[in-house]
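Have a look at the structure below before the remarks.
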Amino acid sequence: MAGGKVLLRTAPSTQGLQRRCASGMLGGCSCTAPSMSDSTALPARRGLKFGHRATPYVFAFFMAGIMAMLMCLVITAAHAGVDAAYLGRVLEAYLLAMPVAFCCVLVVRPLVLRLVALTVHPPG
């Protein structure tokens with residue numbers, strides 16, 4: 001390790017071994033690329049991830065959350081205007097919109113996947 005970075009060695013050349021940092025730069029560098037020793041801390045984060053079978057539900061959660069918030073922001077501003085109580089009204093609307101949007105995304109997802117398959121050529 002040099003300067004907190006793990007150095008990797010490349011294949012031998014006629015001038016000896018060259019040193020690389022974790023980002024692939026030759027010699028010393030001042031980059032912030034994660035080093036090999038930093039990757040040992042990653043499994044703790046991986047334990048917080050859902051399994052691959054949860055993908056449709058996680059997708060629906062994020063899609064519904066983002067779209068419901070954007071729609072609440074726009075519709076509340078168009079309907080009641082933007083004033084001191086604007087964010088309160090947006091959050092009140094979001095409390096209803098988010099669960100409804102989540103259920104709607106789950107229900108229409110199979111239909112959307114079918115429509116995409118009908119209108120887009122598969123890769124290859």
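Applying the Karplus relation 6.51 cos²θ - 1.76 cosθ + 1.60 with θ = phi - 60° to region 84-100 yields 3J(HN,Hα) values of 5, 8, 4, 5, x, 5, 4, 5, 5, 5, 5, 4, 8, 5, 4, x, 5 Hz, where x marks Gly and Pro.
Please give the length that would be gained between Ala54 and Val108 if that part of the chain were fully extended, namely 0.36 nm times their separation in residues minus their C-alpha to C-alpha distance (nm, one decimal). Mind dumping the intermediate values first?
Numbers: separation 54, 0.36 × 54 = 19.44 nm, distance 1.67 nm.
The span from Ala54 to Val108 would gain 17.8 nm if fully extended.
Here, region 52-119 has an Rg and a Dmax of 14.7, 47 Å when only alpha carbons are counted.
The length gained by stretching the chain between Ala80 and Val100 to full extension, at 0.36 nm per residue less their Cα-Cα distance, is 5.0 nm.
Subtract the Cα-Cα distance of Ile66 and Glu92 from 0.36 nm times their separation in residues, and report this length gain in nm to one decimal. Write down the numbers at each step before the final one.
On the way: separation 26, 0.36 × 26 = 9.36 nm, distance 1.54 nm.
7.8 nm is the gain from fully extending Ile66 to Glu92.
No value in this document is a laboratory result; all are computed from the given coordinates. All values reported here derive from a predicted model rather than from experimental measurement.
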